[in-house]
1. Just for the stretch 115-135: of the residues that are in contact with a Pro (Cβ under 6 Å, 6 or more places away or on another chain) and assigned to a loop (DSSP other than H, G, I, E, B), which one is surrounded by the fewest Cβ atoms within 10 Å (Cβ to Cβ)?
2. Within the stretch 393-405, can one find any residue that is over 24 Å from ARG372 (Cβ atoms), part of a loop (DSSP other than H, G, I, E, B) and touching a helix residue (DSSP H, G or I) at 6+ places or on another chain (Cβ under 8 Å)?
3. Only one of (1) free of Cβ contacts under 8 Å to residues at least 24 places away in the same chain; (2) touching a helix residue (DSSP H, G or I) at 6+ places or on another chain (Cβ under 8 Å); (3) of a type outside the set (S, T, N, Q) fails for ALA284. Which number is that?
4. Considering (1) among the aliphatic types (A, V, I, L, M); (2) under 23 Å from the mean Cα position of the chain (by Cα); (3) within 26 Å of ARG448 (Cα to Cα), say which one ALA146 fails and leave the rest.
5. Looking only at residues in the stretch 303-330 that are of a type in the set (Ser, Thr, Tyr) and assigned to a helix (DSSP H, G or I), which one is nearest to GLU411 (Cα to Cα)?
6. Condition first: buried (at least 20 other Cβ atoms within 10 Å of the Cβ) and of a type in the set (Ser, Thr, Tyr). Now tell me which residues in the stretch 374-426 satisfy that.
7. So how many residues does the stretch 335-360 have that are polar (S, T, N, Q) and buried (at least 17 other Cβ atoms within 10 Å of the Cβ)?
8. So how many residues does the stretch 241-259 have that are at pLDDT 85 or above, part of a loop (DSSP other than H, G, I, E, B) and of a type in the set (Gly, Ala, Ser)?
Amino acid sequence: MQIVTEGEMPKIPEQLEEVLSPAELGIAVDVGTTTIAVSVWSLLHRKHLVTVAEKNKQVRYGYDIIRRIAFAVRPPLTGSSAVVESGPSALHYCIIGQLEKMFSKALIESASRLPRGFQPKVKSIVITGNTTMLSFVCSTSVNNMAAAPFTPASLFDTSTTWGKIRKGQVYSYCTSLDKPTPELLKVFETSLILEDTEVYIPPCIGAFIGADAVCSMIAAGFPIPGSKNDASTLRPWESKVKAPLLLADIGTNSELCLFVPDTEEKTGRILCTSAASGPAFEGANISCGMPSTEGAIDKITYIHDRLKCHTIGDKNPRGLCGTGLISAAAVMLKNKYIDKNGVIIREKSKLGDGTACIELTPAVYLSQQDIRNLQLAKSAVRTGLEFLLEHTEETPVFCIAGGFGSKINLEEATTIGLLPAELEKRTIQLGNAALSGASALLFSNVLREKARALAKKSIQINLAGIPEFQERFLNGMNF
């Protein structure tokens, strides 16, 4: 099931509760490592009203999950008279404060789309995200996720209230928090969300395969293994799946899931793994990197022996987003600006520290280190995809999820080796499938049961534990 960004929710089973007023709204949230997206739905009409997205302000504590976990488990600062929040408190209040403001913005925009005389009333919220981000949202400890065997305090599948989430009191074992700052208290005082508003957090599969992967599987139409996929047992909204399905939510922490259908001889299964691809695909950790907003270079072409840049909104170039980075690498590889090892060999310029770069515009360049960061990111994803492909005899239907994945040029991604060539012609781009799946869970208990079943049936694989992983990863660095 794919949920169209603008339009009505497809028919799904068993409305959670009777909805009588067009003012009653549901909010779906995808808390990503780099980006947070909030989507508002009319529960009565099952119609999408508005979506807002922002850069996750937790990036100040680290661009990736590993750095944020390290910040969260740091010992208390001593020897200073300054008031400094503890790591868990800083990360929790940062995300909660941002969500409060995003909710307000989204509800103000939604109010204009309601019938005259109705004021928005939030009845339910679904929050998805990777396991670490949800741990920060709920203020559960991430201490055991800093080292093997990477055991999260909770795998969620929790129904709670917004008041308990905000205070970090979802579970009895939540981390104790410092008192909120005056600024945060002011945000809380003006909250448009009532404290007793119901919040559901879907199940996670493991430490690095989160609820966002489960929600993406729902949006991609993953069946539950072991059901034999028999047409006579399918629900009215389900369809029989004969081919394998491969799902990739490509981002800072890329999650990869493979559904292998049931056969007469063997029960089907879902294999999941994660790839620590880093923030390069989000435009971060790149010299002139930026999000996919106006002025970002998103496409590069080679015309009359020169590189030509296209920007989002046709504005003056301000930087390079993730899709622009892929496009630049593909075009430069084809036209001998870089070799297969990623080394700059043509039209090389020098930065102030003497390192090599290629000038894209007078204000935007791509450095040798930027190319290395891209190689690390793409090799992590490629290694994971190749490993999963070895576990199916038939080429799967490939579903790419995430904001980056929905905009990526498949030919360019294949050119640089991010995607195996056999997947290019069998690819469906789903957009933000995690947010779509979370939106569906606003409406249906049956789909929540399916989310639990998918999480329970999924087998988590740690790529780093595979003996040949290091060799595969290094080989995948080349273009």
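The values are calculated or read from the model by the stated rules, or taken from the named source; none is laboratory data. Keep in mind that what you see is a predicted model, and the values were worked out from it rather than measured. Cβ sites come from the backbone with ideal geometry, for glycine too, and all protein chains shown count toward neighbours.
1. Narrowing the stretch 115-135 to residues in contact with a Pro (Cβ under 6 Å, 6 or more places away or on another chain): 115, 118, 128, 131.
From the residues that got through so far, the ones that are assigned to a loop (DSSP other than H, G, I, E, B) too are 115, 118.
On the way: PRO115: 8, PHE118: 12.
Only one residue fits best here, namely PRO115.
2. yes
3. Answer for ALA284: the failing condition is (1).
4. (3)
5. Step one: filter the stretch 303-330 for residues of a type in the set (Ser, Thr, Tyr), giving 311, 323, 327.
With assigned to a helix (DSSP H, G or I) added as a condition, the list becomes 323, 327.
Values: THR323: 12, SER327: 9 Å.
For the stretch 303-330, the residue satisfying everything is SER327.
6. Scanning the stretch 374-426 gives SER379, THR383, THR415.
7. Step one: of the stretch 335-360, the residues polar (S, T, N, Q) are 335, 341, 349, 355.
Then drop every residue that is not buried (at least 17 other Cβ atoms within 10 Å of the Cβ), which leaves none.
Residues flagged as polar (S, T, N, Q) and buried (at least 17 other Cβ atoms within 10 Å of the Cβ) within the stretch 335-360 amount to 0.
8. Residues flagged as at pLDDT 85 or above, part of a loop (DSSP other than H, G, I, E, B) and of a type in the set (Gly, Ala, Ser) within the stretch 241-259 amount to 1.
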